[in-house]
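Here is the structure we will look at, set down as structure tokens.
The values are calculated or read from the model by the stated rules, or taken from the named source; none is laboratory data. Since the structure is predicted, the reported quantities are computational estimates derived from the model, not experimental observations. Every residue, glycine as well, gets a Cβ built from its backbone with ideal geometry; the counts of neighbours run over all protein chains shown.
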Amino acid sequence: MNVTLLAINAKYVHSSLAVWYLTNGVKKYAQKPHTIKVVEATINQKMDDIVAQVVAQKPDLLGISTYIWNIGMLPELLEAICRQLPDVKIVLGGPEASCNAEYWVKNGADYVLRGEGERSFPSLLDALFENDREGLRRISGLCFSEKAAFFENIEKNPCNGTEDGEYVSPYSEEYFQALSGRIAYMETSRGCPFSCAYCLSGSSTSGFPSGVRFFPMEEVKAQIDKLSQSGTRTIKFVDRTFNCHAERAYDIMEYIIGLETDCCFHFEVAGDLFDERTLALLQAAPPGRIQLEIGIQSFHIPTLEAVSRKTNLEKIEKDCQKLLSGKNIHIHVDLIAGLPFETLSVFQNSFDRAYAMGAHTLQLGFLKLIHGSRLRERAKEWGILYEETPPYEIIRNAWLSEKELDVIRCVENAIQHTYNKGRFLSVLRYAMAASGCGAMRFFQGLGEKVKNQAMPLEKYAEEIFHYCADFEKVDKNKLMDAMICDLLGMTKGKCMPPFLKKSGKLRKQVVLIADKQLGRRIDFDEAAVLSTGKGVYADSTIQDPVTGLYRLCFPNE
């Protein structure tokens, strides 16, 4: 069969693992000859362009990985493809189709394949090649229509990487050619030890017990080595709780820290599962080598209990402080707005407490009621109203009104365009400390006053300055100095608002001093004079590998 596997990524910089796992699974396990071609597109492409890419391959069968970010475009896409390829067979996989299989079998798909596909997808191709209807009924997790009735096979226990199943790697020469410097993804395990009600990772829709399965360590290290030499700058591990096995996590991280590479490795971890040995190892990592994403979701115990999330909040805070103290690891923490039992005031406490941790990013997401999650099943019970179309985001619940969720969206907009991008950090720190304003109240006010919708950075900086200057006890000169330093560190002064630019002899002197100290000429924008008369300039050759900010120099000190 002539098979095309289509991955529709959220951004061009992203890459797909699923299509390459399936490609190599077919090469390893298929009994019949099949030609596999991979097409990677993005949700930002024109629909006609994606259709043209698929049609050009003239597939007998088209397989598509479905996720929350691309499922919304699928009806139109399938209709357009089938109009030009009326005989093509459509196979859907991935969480969005798997957890809503009957709908998709009745609305555009010939087959939905649940679960892991390294073995079942080759079996499907062979059965279709042989027109073996009985064979179809034996394929693990296969759903299809039979005599106008919905038929679904029981999903058998997964096999890739288990003791009774050989390991299939997604990484081939074709994969590395297609990667072309984009973000690379890697998994060393599948499953999650937890069963959070808003997530699918630790639960099973098919009935067999959930848990964590670890891939062979020798394969893992070999793949890490190849990826680190592939030209990509970022490697993200998709393990849902990477450090759930402390000894194994230590072994992998130790290997990564010892590599000769400029790659950054990103892990999703449970912040309370680190042991002292691993914390010490991470504190010794080369700056910028490791990024950690720590899911908190809420600091409200009744909320965590309601969604079956088990975590030690005090240990997360303690361990995060240890990791931040080394100034060598980028820390990202997550909160979810809209969870049960969290009112606006309760959420404010969670936000303020998370912000106080001092992580480099505080990602504020909104609850999404995804197909297959236990929280979606209990939505009516808890008064949760959500969008019926992807990404199924919450509209309101029994504890938060639509208006209150809009307040939190203002907070999200403000923090995303400032703190989370490493912007205006000195300004934020000074303004909050001087005014005594709490974190959420500060960002709420900023989000309500300054509607950042693709606003030029220079204009945004000016608006932020005026917002902060209106607080009592904020000294405008100190605020101005903080803004100047932030813009030099962020952009080398290229986006400095006119009212912050001071020309004259003093600035020229700073430029001359900088030229002499650096041994090269700098742009006039890269230097400034503070309200105190002190000079400052940005050394554009040195960027902090953790924050991305340029080093500031103060020649008068």
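Quick notes
- Residue in segment 354-367 that is among the polar types (S, T, N, Q), out of contact with any strand residue (DSSP E or B) (no Cβ under 8 Å at 6 or more places or on another chain) and surrounded by 14 or more Cβ atoms within 10 Å (Cβ to Cβ) present: no
- Counting only strands (runs of 3 or more DSSP E) that sit wholly inside segment 268-369, those with at least 3 residues that are under 17 Å from Val411 (Cα atoms) and either modelled with pLDDT of 95 or more or among the charged types (D, E, K, R) (or both) are 330-337, 361-366.
- Segment 423-446, residues that are outside any loop (DSSP other than H, G, I, E, B) and hydrophobic (A, V, I, L, M, F, W, C): Leu425, Val427, Leu428, Ala431, Met432, Ala433, Ala434, Ala439, Met440, Phe442, Phe443, Leu446
- Contacts under 7 angstrom Cβ, first residue in segment 107-134 being free of Cβ contacts under 8 Å to residues at least 24 places away in the same chain, partner surrounded by 17 or more Cβ atoms within 10 Å (Cβ to Cβ), 6 or more apart: Ser120/Leu113; Ser120/Ile139; Ser120/Ser140; Ser120/Gly141; Ser120/Leu142; Ala127/Leu136; Ala127/Ile139
- Set Ile513, Ile522: member being in contact with an Asp or Glu (Cβ under 8 Å, 6 or more places away or on another chain), surrounded by 14 or more Cβ atoms within 10 Å (Cβ to Cβ) and of a type in the set (A, V, I, L, M): Ile522
- Residues within segment 120-136 that are of a type outside the set (Phe, Trp, Tyr) and within 16 Å of Val19 (Cβ to Cβ), tallied: 4
- Restricting attention to segment 276-317, the residues that are in contact with a Phe, Trp or Tyr (Cβ under 8 Å, 6 or more places away or on another chain) and surrounded by fewer than 15 Cβ atoms within 10 Å (Cβ to Cβ) add up to 3.
- Scoring Asp486 on the criteria (1) surrounded by 21 or more Cβ atoms within 10 Å (Cβ to Cβ); (2) without any contact (Cβ under 8 Å) to a residue 40 or more places away in the chain leaves a single failure, condition (2).
Rundown of residues vs (1) among the hydroxyl-bearing types (Ser, Thr, Tyr); (2) modelled with pLDDT under 95; (3) surrounded by 15 or more Cβ atoms within 10 Å (Cβ to Cβ), yes/no style:
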| position | (1), (2), (3) |
| --- | --- |
| Ala439 | no, no, yes |
| Gln444 | no, no, yes |
| Lys451 | no, yes, no |
| Tyr467 | yes, no, yes |
| Asp475 | no, no, no |
| Asp481 | no, no, yes |
| Cys495 | no, yes, yes |
| Phe499 | no, yes, no |
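- Test: residue in segment 312-319 that is within 20 Å of the chain's Cα centre (by Cα) and of a type in the set (D, E, K, R): no
- The set of residues in segment 318-330 being surrounded by 18 or more Cβ atoms within 10 Å (Cβ to Cβ) and more than 13 Å from Pro287 (Cβ to Cβ) consists of Asp319, Cys320.
- Considering each residue of segment 373-389 in turn, none proves to be under 28 Å from Thr66 (Cβ atoms) and touching a His at 6+ places or on another chain (Cβ under 7 Å).
- Residue in segment 139-148 that is modelled with pLDDT of 95 or more and out of contact with any helix residue (DSSP H, G or I) (no Cβ under 8 Å at 6 or more places or on another chain) present: no
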